[in-house]
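Asker: First the structure, then my questions, so here it is.
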Amino acid sequence: MTSESPEPPRKGVTRIVFDDTAELARGAAELVATALSHATSGRGTASFVLAGGTTPAASYRALARKSVDWGSVDLFWGDERCVPPDHPASNYRMASTTLLEPAKVPAERVHRIPGELPTDRAVREYETLLRQRFDEPWPRFDLVLLGMGVDGHVASLFPGHRSQDDRPWVIPVEGGPGGIDRVSLSMGVLTAAEQLVLLVSGAAKADTVKRALTGTDPGLPAAVATAHARKVTWLLDRPAASGLL
Ligand code: 6PG
């Protein structure tokens, strides 16, 4: 059972609240599969940016069971920890075990961030890859999936982060959680997407969700992304939405 949250969302921002994490995962998989099928049927290909962290894992498992033409979908990552692809902290590894392998996504459609390289080289290589794929001022991904940290970060854009300028598509983030460097898409890239979907679960994030969505903390990266993106959908379980209901 889902419910739209009571207050009218800001224009262009949809909030869908699911009863529990299992429903959230099913709902997220359904939304992503529908968006990708719409893009591939319209243009023959689609581009999908995966989120990292732990929340998306159940959604990726559900998505792997959906009928998506993965041979027509290019997969990218919103951010990556600077670790090898088989490291337990790797966002690629999490997606590989929950989605890429079960759904048999063709390897040529998988464009991971080379976290095993020195950070600056990984940034350069990923930016080059993206600029070869998208010949436009900003890459217009069909769908960018993001999680959100308790501090309101999205991808690896943490509160207080100021990229030196808004030109880069890919940025290094030194000393992320656990002291691990990261590579992240910039805010400009995230908000250039056709559709941004934020996937947030758990009561611990309820206050941050409320501050991000009610405008009381507009500087939160999750709030900035929501304010500047073309089309934004927040997928929440009831505990994460408890500050809104
Ligand atoms: C990462 C993610 C990060 C994540 C949030 C939420 O690399 O960690 O990109 O932005 O989505 O930190 O993480 P959880 O889903 O584990 O709460």
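The values are calculated or read from the model by the stated rules, or taken from the named source; none is laboratory data. Predicted model, so just to flag it, every value in this text is computed and none were measured. All Cβ positions, glycine included, derive from the backbone under ideal geometry; neighbour counts span all protein chains shown. The protein model used for the area step is the full one, side chains on, heavy atoms only, and it has no ligands, DNA or RNA in it. Shrake-Rupley method; radii C 1.70, N 1.55, O 1.52, S 1.80 Å.
Asker: Here are Thr21, Thr55, Thr34: which of them is open to solvent by 20 Å² or more (accessible area, probe 1.4 Å), of a type in the set (S, T, N, Q), within 22 Å of Thr191 (Cβ to Cβ) and touching a residue at least 60 places away in the same chain (Cβ under 8 Å)? Spell out how you get there, then give the answer.
Answerer: Values: Thr21 fails: within 22 Å of Thr191 (Cβ to Cβ); Thr34 fails: touching a residue at least 60 places away in the same chain (Cβ under 8 Å).
Going through Thr21, Thr55, Thr34 in turn, just one is open to solvent by 20 Å² or more (accessible area, probe 1.4 Å), of a type in the set (S, T, N, Q), within 22 Å of Thr191 (Cβ to Cβ) and touching a residue at least 60 places away in the same chain (Cβ under 8 Å): Thr55.
Asker: Next question. Can you tell me which residue among Ala46, Ala57, Ala89 is over 14 Å from Leu146 (Cβ atoms), more than 15 Å from the ligand (Cβ to nearest atom) and either among the aliphatic types (A, V, I, L, M) or modelled with pLDDT under 95 (or both)?
Answerer: Details: Ala57 fails: more than 15 Å from the ligand (Cβ to nearest atom); Ala89 fails: more than 15 Å from the ligand (Cβ to nearest atom).
Ala46 is the lone residue from the list that is over 14 Å from Leu146 (Cβ atoms), more than 15 Å from the ligand (Cβ to nearest atom) and either among the aliphatic types (A, V, I, L, M) or modelled with pLDDT under 95 (or both).
Asker: Let me ask you something else. Just to verify a result, which residue in the range 60-86, among those that are touching a residue at least 12 places away in the same chain (Cβ under 8 Å) and of a type in the set (D, E, K, R), is nearest to the ligand (Cβ to nearest atom)? Break it down stepwise before answering.
Answerer: Pass one, the range 60-86, residues touching a residue at least 12 places away in the same chain (Cβ under 8 Å): 60-85.
Remaining after also requiring of a type in the set (D, E, K, R): 61, 65-66, 69, 74, 79-81.
Working: Arg61: 14, Arg65: 21, Lys66: 21, Asp69: 26, Asp74: 19, Asp79: 5, Glu80: 7, Arg81: 6 Å.
Here the residue is Asp79.
Asker: In the range 123-152, what count of residues is obtained for those that are under 21 Å from Glu174 (Cβ atoms) and among the basic types (Lys, Arg)?
Answerer: 1
Asker: Considering only helices (runs of 4 or more DSSP H) fully contained in the range 36-137, which possess at least 3 residues that are in contact with a strand residue (DSSP E or B) (Cβ under 7 Å, 6 or more places away or on another chain)?
Answerer: Details: elements: 56-64, 91-95, 119-133.
Answer list for the range 36-137: 91-95, 119-133.
Asker: Specify which of the listed residues (Ala64, Ala57, Ala39) is out of contact with any His (no Cβ under 8 Å at 6 or more places or on another chain) and over 15 Å from Ala103 (Cα atoms). Write out each step before concluding.
Answerer: Details: Ala64 fails: over 15 Å from Ala103 (Cα atoms); Ala57 fails: over 15 Å from Ala103 (Cα atoms).
The conditions single out Ala39.
Asker: Just name the residue that is farthest from Val183 (Cα to Cα) out of those in the range 37-51 that are in contact (Cβ under 8 Å) with a residue 40 or more places away in the chain and touching an Asp or Glu at 6+ places or on another chain (Cβ under 6 Å).
Answerer: Here the answer is Ala39.
Asker: Let me ask something else about it. Please find, among Val154, Val110, the residue that is modelled with pLDDT of 95 or more, within 15 Å of the ligand (Cβ to nearest atom) and β-branched (Val, Ile, Thr). Spell out the reasoning first.
Answerer: Values: Val110 fails: within 15 Å of the ligand (Cβ to nearest atom).
Unique residue meeting the criteria: Val154.
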